Amino acid sequence: MKFLLDFFPIALFFIVYKMMGLYAAIYAMIGATALQMLITRFQTGKFENTHLITFGLLVVFGGITLAIKDPAFIMWKVSVLYVVFALALILSMWVGEKTLLQRMLGKEMTLPAKVWRQLTWFWGIGFSGIALVNAYYVDIALSTRDKLFNSTELDPKVELTELDCASTTVEQLCLAAQQSEESWVNFKLFGTMGLTFVLIIITVIFISKYIKEGKK
């Protein structure tokens, strides 16, 4: 349930993008993230730090994108967010007696300190990997977008999803720009969710033997 709640804003972003374009999707995601925070607050009695960080970065990067109509900021926000998470995890190994993961999950499971540190490295590197993959999609999306607008007199503030590529003089560039932006949106939902799910599966397999030993 929590996994679905965490990805609800991204799923809504994807749906609204397909129906109404990027800028409407940003508004929807900001609203969905705020709702996500309120639901968590109601269920647990407190706000989660990860939600607060996500919402803060979303408001800043999404707000800049909406203000100047430049999608680069909202696209790079994904990489920035995962880098922040990765740094928070890794640096927590030198702050206090417990890693951030142990503080978050220590009540649910008991693991040796060595294992908590290994998991912290694993998730830190995993989040860094997601940030790098996102950067790859962002680079392609922004470079094809720049080629399109540098080759035409089209307003760079226009929504790519609103362009009728067949009516432009650079149909192939237009289609490439639309497809690369859509590929980034697809990765934002399916890529981040899929890679996170893979990290979860590997983690469960890794710690299963320690949980079984604890039950003996």
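The values are calculated or read from the model by the stated rules, or taken from the named source; none is laboratory data. All values derive from a computational prediction rather than experimental measurement. For neighbour counting, all protein chains shown are included, and Cβ atoms are generated from backbone atoms with ideal geometry for every residue, glycine included.
Inside the stretch 135-175, residues that are of a type in the set (S, T, N, Q) and under 24 Å from the mean Cα position of the chain (by Cα) make up a count of 3. When the stretch 23-47 is filtered for residues that are surrounded by 14 or more Cβ atoms within 10 Å (Cβ to Cβ) and over 17 Å from Leu57 (Cα atoms), the ones remaining, listed by number, are Ala24, Thr40. Filtering the stretch 36-59 to residues that are of a type outside the set (S, T, N, Q), touching a helix residue (DSSP H, G or I) at 6+ places or on another chain (Cβ under 8 Å) and assigned to a helix (DSSP H, G or I) leaves Met37, Ile39, His51, Leu52, Ile53, Phe55, Leu57, Leu58, Val59. The residues listed here are Ala141, Ala166; of these, the one that is touching a residue at least 60 places away in the same chain (Cβ under 8 Å), among the small types (Gly, Ala, Ser) and over 25 Å from Glu48 (Cα atoms) is Ala141. If you go through the stretch 156-186 and keep only what is outside any helix (DSSP H, G or I) and within 22 Å of Trp76 (Cα to Cα), you end up with Pro156, Lys157, Val158, Glu159.
When you look at Ala11, is it at pLDDT 95 or above, aliphatic (A, V, I, L, M) and either within 28 Å of Thr144 (Cβ to Cβ) or surrounded by 19 or more Cβ atoms within 10 Å (Cβ to Cβ) (or both), yes or no?
Numbers: at pLDDT 95 or above: no; aliphatic (A, V, I, L, M): yes; either within 28 Å of Thr144 (Cβ to Cβ) or surrounded by 19 or more Cβ atoms within 10 Å (Cβ to Cβ) (or both): yes.
So Ala11 does not fit the description; no.
Would you pick out the residues in the stretch 179-190 that are at pLDDT 95 or above, of a type outside the set (Asp, Glu) and surrounded by 18 or more Cβ atoms within 10 Å (Cβ to Cβ)? Once the filter is applied, which keeps residues that are at pLDDT 95 or above, of a type outside the set (Asp, Glu) and surrounded by 18 or more Cβ atoms within 10 Å (Cβ to Cβ), the stretch 179-190 yields Ser180, Trp184, Val185, Phe187. Say we look at the stretch 80-136 and pick out the residues that are of a type in the set (D, E, K, R) and part of a helix (DSSP H, G or I); which of these is farthest from Val59 (Cα to Cα)? Top of the filtered list is Lys114. From the set of residues in the stretch 132-162 that are surrounded by fewer than 19 Cβ atoms within 10 Å (Cβ to Cβ) and small (Gly, Ala, Ser), which is nearest to Asn186 (Cα to Cα)? Top of the filtered list is Ala135. Contact map, the stretch 107-130: residues that are closer than 17 Å to Ala88 by Cβ paired with residues that are outside any helix (DSSP H, G or I) and at pLDDT below 95, Cβ distance under 9 Å, separation 6+ or inter-chain. Pairs shown: Trp116/Lys98; Trp116/Thr99; Trp116/Gly106; Arg117/Thr99; Leu119/Thr99; Leu119/Leu111; Thr120/Thr99. Quick check on the stretch 87-108. Is at least one of its residues under 30 Å from Ser180 (Cβ atoms) and surrounded by fewer than 21 Cβ atoms within 10 Å (Cβ to Cβ)? Yes; the residues of the stretch 87-108 include at least one that is under 30 Å from Ser180 (Cβ atoms) and surrounded by fewer than 21 Cβ atoms within 10 Å (Cβ to Cβ). Going through (1) surrounded by 14 or more Cβ atoms within 10 Å (Cβ to Cβ); (2) assigned to a helix (DSSP H, G or I) one by one, Lys18 falls short only on (1).
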